[in-house]
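Read-outs: derived from the displayed coordinates by stated rules, not from any lab. Here the structure is a predicted model, which means the values were calculated and not measured. Heads up, the Cβs are rebuilt from the backbone with ideal geometry, glycines too, and the neighbour counts pull from every protein chain shown.
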Amino acid sequence: MLDDKTMVTDALMGVNGELKTFGDMIPQTENPELKSKLKQFRNQCEISQEELYQIARSKSYYVPASAATDEEMQHVKSLFS
């Protein structure tokens, strides 16, 4: 039997996969109408992802990593300068 945590986590993983797929498809599409429709789908998917993320956070199903320090952020920035 599936519990709430498993269902939320599975749904979140599925939405994250869809977002990746849209991210791969959109730049490869030449048809403007299709590109626009894919962007709409991606935007709706992002809203769903955020809602699922908030549910997971509120129920402590997901605990994000601690925030990066200023030193860590400067280090990463320096890698791309």
Of the DSSP H helices in the chain, the ones reaching 30 Å or more along their long axis in Cα terms and averaging at least -0.5 in Kyte-Doolittle hydropathy are 4-25
For segment 4-63, the Cα gyration tensor yields equivalent-ellipsoid semi-axes (√(5λ), largest first, whole Å) of 28, 10, 7
Farthest towards the positive end of the dipole of the chain, among Leu12, Ser60, Pro27 and with Cβ unit charges of +1 on Lys and Arg and -1 on Asp and Glu, lies the Cα of Pro27
Expected sort for 20-26, 52-58 on mean C-beta neighbours within 10 Å, highest first, is 52-58, 20-26
Ordering 10-16, 32-38, 62-68 by per-residue average of other C-beta atoms within 10 angstrom, highest first, gives 10-16, 32-38, 62-68
With +1 on the Cβ of every Lys and Arg and -1 on the Cβ of every Asp and Glu, the dipole magnitude of the chain about its Cα centre, in debye rounded to the nearest 20, is 140 debye
